[in-house]
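Only one structure is covered here, and it is reproduced in the block below.
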Amino acid sequence: MYKIAFTDIDGTLLGPDRELTPATIAAVIKIKDEIPFILVSSRMPRQMYHLQNDLQGLELPLIAYNGGYISHKKEGLFSVEIPIDILQNIVDYNESDPKNKVHLSLFHADNWYVEEMDYWAKREESNTKASPEVKSNREVLELWKSTNLGAHKIMCMGDQEKIQGLYNYLEEIFSDQLHLYRSKDTYIEIANKEVSKLTGIKEVLNKCYPDITLSETVAFGDNYNDIEMLQGVGLGVAVANAREEVKKVADQITKHHKEDGVAISLQSIF
């Protein structure tokens with residue numbers, strides 16, 4: 001009945017050490033010749049390739065930036081960016097009051113820029129096994145203006161109070177143009193409002209698997225940005241550690257991500 005599987009990574013697929021467990025790798029490899037197993041994340045592509053490699057799936061497409069960018073064999077297949085004028089506004093606002101300034105990471109395709117290797121950049125580097133390029137936000141803006149590019153994602157990290165202040169500003173000014181994801185009190189992940197993980201899945205089916213319908217898809221998730229995806233696919237599965245709002249829309253609930261929930265579910269479904 002189901003012909004393809006999509007999964008969120010952090011908090012869903014990875015085990016307790018933010019690594020793929022042997023059980024998960026074995027479960028995916030067992031079905032991979034018949035069931036494409038595709039990664040869907042807010043991460044950049046370069047932070048996902050090592051996971052694809054471990055799952056023997058480098059030939060598969062992947063959905064990055066919560067649906068904002070689709071990469072296939074390390075080539076761009078689909079792209080929706082945050083326009084440069086909005087990016088300019090966010091950088092200007094962030095630099096308007098030094099006391100409330102937060103860390104901004106700017107992403108486009110496989111490029112990740114930070115102003116300095118501060119606590120937040122090092123933490124993200126450790127979590128994702130990818131390193132950023134150090135370049136000021138202003139320099140990145142000028143580079144992207146000259147090459148007619150925008151951001152696939154802006155990641156804001158900082159003290160809870162400062163992040164909340166920035167969130168309130170963005171919600172007031174850009175709520176109709178931007179997705180603002182809060183995976184933690186100290187994070188805001190920003191993407192273009194036109195995209196989501198579900199729109200990414202639809203693009204992958206359209207471009208790479210035109211014979212598979214949305215009703216024949218399975219998806220796994222744990223967080224707010226997975227809700228639309230789990231609601232829209234044929235079978236939405238939440239891990240036991242998922243937010244309550246995610247569990248409410250899921251068709252099934254599997255074990256905790258630290259207990260190989262996705263692997264257990266794959267064995268049951270396929």
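When we screen Ile82, Ile70 for residues that are closer than 16 Å to Lys207 by Cβ and either modelled with pLDDT of 95 or more or of a type outside the set (D, E, K, R) (or both), the only hit is Ile70.
Would you be able to say whether some residue in the range 209-218 is touching a residue at least 40 places away in the same chain (Cβ under 8 Å), closer than 25 Å to Ser265 by Cβ and of a type in the set (Phe, Trp, Tyr)? Yes, the conditions are met somewhere in the range 209-218.
Summed over the range 183-206, residues that are in contact with a strand residue (DSSP E or B) (Cβ under 6 Å, 6 or more places away or on another chain) and charged (D, E, K, R) total 4.
Of the candidates Ile173, Ile188, the single residue that is closer than 25 Å to Leu39 by Cα, touching a helix residue (DSSP H, G or I) at 6+ places or on another chain (Cβ under 9 Å) and of a type in the set (A, V, I, L, M) is Ile188.
Taken together, the criteria place Thr186 among residues that are surrounded by 16 or more Cβ atoms within 10 Å (Cβ to Cβ) and either touching a Phe, Trp or Tyr at 6+ places or on another chain (Cβ under 6 Å) or not assigned by TED's automatic domain parsing to the domain that holds Leu60 (or both). Taken over the range 16-26, the criterion of being modelled with pLDDT of 95 or more and either assigned to a loop (DSSP other than H, G, I, E, B) or in contact with a helix residue (DSSP H, G or I) (Cβ under 8 Å, 6 or more places away or on another chain) (or both) is satisfied by Leu20, Thr21, Ala23, Thr24, Ile25, Ala26.
In the range 219-249, what residues are assigned to a loop (DSSP other than H, G, I, E, B) and crowded, with 23+ Cβ neighbours inside 10 Å?
Residues of the range 219-249 that are assigned to a loop (DSSP other than H, G, I, E, B), as a first pass: 222-223, 233-234, 239-243.
Within the range 219-249, Asp222, Val233, Val239, Ala242 meet the criteria.
Cβ separations smaller than 6 Å between residues 6+ apart or across chains give the following pairs from the range 173-202 residues that are within 16 Å of Ile9 (Cβ to Cβ) to residues that are in a loop (DSSP other than H, G, I, E, B) and at pLDDT below 95: Ser183/Asn223; Glu189/Ser42. Tell me, yes or no, whether the range 61-83 has at least one residue that is assigned by TED's automatic domain parsing to the domain that holds Lys255, among the charged types (D, E, K, R), out of contact with any helix residue (DSSP H, G or I) (no Cβ under 9 Å at 6 or more places or on another chain) and under 20 Å from Asp211 (Cα atoms). The answer is no; no qualifying residue exists.
Within the range 15-39, no residue that is in the same structural domain as Gly68 (by TED's automatic domain parsing) and surrounded by 14 or more Cβ atoms within 10 Å (Cβ to Cβ) sits with its Cβ atom under 8 Å from a residue that is assigned to a helix (DSSP H, G or I) and of a type in the set (Phe, Trp, Tyr) at 6+ positions apart or across chains.
Across the range 160-171, a minimum of one residue is classified as in contact with a Ser or Thr (Cβ under 8 Å, 6 or more places away or on another chain) and over 20 Å from Glu81 (Cα atoms).
The values are calculated or read from the model by the stated rules, or taken from the named source; none is laboratory data. Being a predicted model, the structure only gives us computed values, none of them experimental. So basically every Cβ, Gly included, is an ideal-geometry build from the backbone, and we count neighbours across all protein chains shown.
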